[in-house]
Amino acid sequence: MYNKIKSLFFNVKEESEACKNIVMNMVANILGLGNAATPLGLKAMQELQKTNFNKDELSDNMMMLIVL
């Protein structure tokens, strides 16, 4: 599944916590588990913010997660 994620989130490393949280968030959303997906999405955003160069603006990866 990482190959599919890599095409959407181009800067996220496979072993990073952000990638794990993004995948779990997407799976929870696909299964219709909205209450489980929300905390995972927030954790993914926090991890993506750590690698964001401009802390005042959303990175491309953060915007992609919001769109999905």
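Across the stretch 1-56, how many lysine pairs, 8 or more positions apart or on different chains, have C-alpha atoms separated by under 18 Å? Please give the number. Lysine pairs meeting both conditions in the stretch 1-56 amount to 8. A Förster radius of 25 Å, combined with the Cβ-Cβ distance separating Leu8 from Lys50, puts the computed FRET efficiency at roughly 0.85. Counting only DSSP H runs of at least 4 residues, each contributing -39500 (n - 2.57), and dividing by the residue count of the chain, the helix-based mean residue ellipticity at 222 nm comes to -20500 deg cm²/dmol. Using a 1.4 Å probe on the protein heavy atoms, what percent of the accessible area of the chain belongs to carbon and sulfur? The C+S portion of the solvent-accessible surface of the chain is 60 percent.
The values are calculated or read from the model by the stated rules, or taken from the named source; none is laboratory data. Please read these numbers as outputs of a predicted model, since none were measured by experiment. Every residue, glycine as well, gets a Cβ built from its backbone with ideal geometry; the counts of neighbours run over all protein chains shown. Surface areas here come from the heavy atoms of the whole protein model, side chains and all, with no ligands, DNA or RNA. Shrake-Rupley method; radii C 1.70, N 1.55, O 1.52, S 1.80 Å.
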